[in-house]
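J.: Pasting in a structure now, in structure tokens, and then I'll have a few things to ask.
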Amino acid sequence: MSDLRRELVALLPRLRRLAWLVVRNEQDCDDLLQKTVERVLARSDGWTPGTRLDHWVFRIMKNLWIDEVRMRGRWGRLVEALPAEDEIDDRGIGADTMLDTVELARLRERVEDLPEEQRMAVKLVLLGEYSYAEAAELLEIPQGTLTSRLARGRAALLKHYQSGETRH
Amino acid sequence: MTDHSDESVIAYVDGRMEGAERIAFEANMGKDATLSECVGTHRWLVRQIVAAYPEPIEEGDEQELADRLGLRENNVRPISSHREPRQPWGWAWIAGAMAASLVIGLFVGQSRSSSTDSLIALSDGRPIASGSLADSLSNRLSGENGAIRIAMTFRTRGGVCRTFQTSQNVGGVACRDGSRWVIPVMEATKSSSDSTEYRLAAGALSPSLMARVDQMIVGEPLGPKEVAGLKRSNWR
């Protein structure tokens, strides 16, 4: 097994978690992971040993997903439905006391409806717990651009609440 | 509110603000109720976003994932190693000769055993639309015509193509070639219950077929006016 392949195997659990942050459902997650692995192996010459393999692989994954999103935008009927509201349980932090599960499902829809660039920034930082510097590097954007996208995405989400869409 | 940008508020909320900047920010919060409320609102939002995604996917064991992805057996085939070169269209686009022959066999079989006309003929080894399929492709602007549905029309580098699906659960792409419709892409899925029946998944075109279309298309799918114009010009 080559060094790249060995390192890639070690990276798989984290890569799958990243794929989950990027996509909207488990089927897409596994499909994206499979495509990413195939693309990485096909372009293995593009990786410089000693550099961050995870960042290189994630960039490949991100670009694959952007291509997919563009294609689905063209063929809108391929876009997967969000999970049904009853699939969202209330085990999350504060779910019992602050919002009911329907409102959390609605918030999740709002997050998924954000422009792709804002959605990825929000998910990587808030759900993936990446630092700004790491998220910016993964997304191949300056850190200032990342914080701008984060701010715009979160402002858009707050706007939904402030417009009275939920009980908050 | 004191002069703090949204970026600085979320940087504070996210714990990404340090040192003197953080101390100054907190001092301002103590003096500025609006700023303090803004921070509280953003903290609340973060809690809700985290709560809205309560089930982080199982990362899975790396060896189990490696097995599933075929990484341990050294059998993951790079995409580029088996992808056909991109062409405007051509028989090579068919996923496999076996699939193609199954599809053609289906049509031939039906034309022999029922009143259904033959929808596809072979010309120099290439499938060509015939009968009501050719008629629908040439004369229908869109929509269904009994057993045949024309879903979309688009341009490629080689000309004009249209997608079709038949009630026999066969879908494909037909591309204008002179006065004929050549069919470079067809798909059918095999029923698990009856080896003589083939079906596509519910809905119109399968994802794999749409992916093929996406590789062929130049620009966007054509609208009704453009399609009508093409029909008037005999699809040229």
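J.: So the check is Cβ under 6 Å with 6+ separation or different chains; which pairs have a first residue in the range A:146-162 that's in contact (Cβ under 8 Å) with a residue 24 or more places away in the chain and assigned by TED's automatic domain parsing to the domain that holds A:Leu126 and a second one that's surrounded by fewer than 23 Cβ atoms within 10 Å (Cβ to Cβ) and not in a helix (DSSP H, G or I)?
T.: Listed pairs, sorted by first residue: A:Gly153/A:Leu114.
J.: (1) assigned to a strand (DSSP E or B); (2) modelled with pLDDT under 80: which one isn't true of B:Thr163, the others all being true?
T.: Only one criterion in (1) assigned to a strand (DSSP E or B); (2) modelled with pLDDT under 80 is unmet by B:Thr163, namely (2).
J.: As an exercise: evaluate A:Glu140 against (1) among the charged types (D, E, K, R); (2) on the phi > 0 side of the Ramachandran plot; (3) modelled with pLDDT of 90 or more and give the number of the one condition it does not meet.
T.: (3)
J.: OK, next. Is it the case that A:Arg39 is out of contact with any strand residue (DSSP E or B) (no Cβ under 8 Å at 6 or more places or on another chain), outside any helix (DSSP H, G or I) and either at pLDDT 85 or above or closer than 22 Å to A:Glu112 by Cβ (or both)?
T.: So A:Arg39 fails the test.
J.: Only residues in the range A:106-128 that are under 17 Å from A:Met61 (Cβ atoms) and more than 12 Å from chain B (Cβ to nearest Cβ) count as the first member; pair them with residues that are charged (D, E, K, R) and in a helix (DSSP H, G or I), Cβ under 7 angstrom, at least 6 apart or cross-chain, and list the lot.
T.: Going by the 7 Å Cβ cut-off, the qualifying pairs are A:Glu117/A:Arg149.
J.: Out of the residues in the range A:42-55 that are of a type in the set (Gly, Ala, Ser) and in a helix (DSSP H, G or I), which is surrounded by the fewest Cβ atoms within 10 Å (Cβ to Cβ)?
T.: Only one residue fits best here, namely A:Gly46.
Quick grid of which residues meet (1) more than 17 Å from the chain's Cα centre (by Cα); (2) at pLDDT 85 or above; (3) under 29 Å from A:Leu8 (Cβ atoms); (4) aromatic (Phe, Trp, Tyr):
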residue: A:Val79; (1), (2), (3), (4): no, no, no, no
residue: A:Val102; (1), (2), (3), (4): yes, no, no, no
residue: A:Val125; (1), (2), (3), (4): no, yes, yes, no
residue: A:Glu134; (1), (2), (3), (4): no, yes, yes, no
residue: A:Ala155; (1), (2), (3), (4): yes, yes, no, no
residue: A:Tyr161; (1), (2), (3), (4): yes, no, no, yes
residue: A:Thr166; (1), (2), (3), (4): yes, no, no, no
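J.: Inside the range A:1-60, can you point out the residues that are aromatic (Phe, Trp, Tyr) and more than 9 Å from every other protein chain (Cβ to nearest Cβ)?
T.: Residues satisfying the conditions are A:Trp47, A:Trp56, A:Phe58.
The values are calculated or read from the model by the stated rules, or taken from the named source; none is laboratory data. Predicted, not measured: the structure shown is a model, and the values here were computed from it. Positions of Cβ are generated from backbone atoms using ideal geometry, with glycine treated the same way; all protein chains shown enter the neighbour counts.
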